[in-house]
Amino acid sequence: MPRPIPRLLRRAALPAAAALASVALLAGCAAPSAATGGAASGSSGEAGQACRGTEIPFAEVAFATDARELEGPSTACLADAGLPMIESDEEPAVPLTVTDADGEEVTVSDASRILALDISGTLAATVFGLGLGDRVVGRDGSTGFAEASDLPVVTQDGHSLSAESILALDPTVVLTDTTLGPRDVLEQLRDAGIPVVITTSERRVDNVEQVVAEVADALGVPGRGKLLSDAIQGDLDDIAATIAAGIPAEAADRPRTIFLYVRGSANVYYLFGEESGADSLIDAVGGYDVAGEIGWQGMRPVTAEAIAAAQPELVLLMTGGLESVGGVDGLLEKVPALATTPAGEHRRFVDMADTEILGFGPRTPAVVEALARAIWAPASSGHLGSDATPQAGSDD
């Protein structure tokens, strides 16, 4: 029987989807750097990094009385970049047959050599969170947490599956979704006798339980899946309660927030709207998601008209993306429409490491907490020793 645990074993201080691939997004998404042990540039997973203010428990953090009036950029920092994992004595109950997200019946006979591959690194993080990381034999370019950094990468050019690299690892089961391609590679794997289980490609704060269940069921460890889901949801509930108690009750009194995906080197600028996953993150951290107001669906190239209509007071970004345009000044130069918005005038840009902010896996509670600190109490956010010290208004 699995042993119950008190929430996640590691916690930060207290603690969609298929379209993502077609956006080429993640042709731009920075691959983990070998120099930083697999963490993306700017990630809180880098060795020697520590977070400002996290000695104060999240429930005791003083939120700004009006976050819309804060000045200056801030960075969301995970106090513990380690991946949360549950403990359980449950072993994979194989062989088993599951019906995957494509409606295909797949028989998994052996779960000793696992590949979990998707565009956000969520599936690998989930396998590790289930306590089965020692069975994972490779990783995709988005899997940037330190525990997986020594594993060989089986994607090319960022996010293209390499049949040769995968077959060389002799996996006994491959878990993936529709965000990586080409699909022909998956057929090659099936022709080679490797079970390929397609999971949901939707990534949101509110569907983490679904992803965990699909992965756990495919590996024959439903008990581990229930433990992990319960732990994640318990932490999310605690954090949500703290956020709700500290922010204005009326949505209109919260910062008007958008999520921008930028890659300066590729000249890629996307605004993430409803059903992109970013909308669920904005809701979770207590922001006012402007996408619904302006009718922005999914992930689309940003336009000056959209920025003007949104009039954001806060912009969320990936750290690597912000760095790719030369920081806040570079972003305002590249997207001049931002300069005339409240966010541009107050320089309210909040960034977080590429491999963390939209991962939606076991670290989701820690990500939500870290972003909430950066938005509502920026003086208690960011990396110690960073030059980007928040210039915040009063947090009293």
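The values are calculated or read from the model by the stated rules, or taken from the named source; none is laboratory data. Just so we're clear, the structure is a prediction, and the values are computed from it rather than from any experiment. Every residue, glycine as well, gets a Cβ built from its backbone with ideal geometry; the counts of neighbours run over all protein chains shown. Just so you know, the surface numbers come from the protein's heavy atoms only, side chains and all, with ligands and any DNA or RNA stripped out. Shrake-Rupley method; radii C 1.70, N 1.55, O 1.52, S 1.80 Å.
What the table below lists for this structure:
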quantity	calculated
J(HN,Hα) series, the stretch 343-355, from Karplus relation 6.51 cos²θ - 1.76 cosθ + 1.60, nearest Hz, glycine and proline x	4, x, 5, 9, 6, 8, 10, 10, 10, 8, 3, 4, 7
Calculated FRET efficiency for the pair Q156/A251, C-beta based, R₀ 41 Å, to 0.05	0.40
Largest to smallest accessible area among R183, R52, R347 [probe 1.4 Å]	R183, R347, R52
Inter-part distance where the stretch 156-213 and the stretch 312-365 are each reduced to a Cα centre, Å	30
Theoretical FRET efficiency, 1/(1+(r/R0)^6), r = Cβ-Cβ of E187 and R113, R0 35 Å, to 0.05	0.95
Dipole moment magnitude, nearest 20 debye, the stretch 252-396 about Cα centre, only Lys, Arg, Asp, Glu C-beta charged	220
Residue-by-residue Karplus 3J(HN,Hα) for the stretch 222-232, coefficients 6.51, -1.76, 1.60, Hz, glycine and proline x	x, x, 4, x, 5, 4, 5, 4, 4, 5, 4
Segment D66-D206, extension gain: residue separation times 0.36 nm, minus the distance between their alpha carbons	47.7 nm
Sequence of Y261, Y269, Y288 when ordered by accessible area, the most exposed leading, probe 1.4 angstrom	Y288, Y269, Y261
Amide proton proximity set for G382, modelled H, under 5 Å, gap of 5+	R52, T75, C77
Residues of the stretch 369-384 with amide N under 15 Å of the 7 Å Cα→Cβ point at E345	none
Where labels lie 7 Å past Cα in the beta-carbon direction, separation of I56 and A308 in nm	4.0
Rounded accessible area of C51 (nearest 10 Å², 1.4 Å probe)	10
D283 accessible area, 1.4 Å probe, all protein chains in place, Å² to nearest 10	90
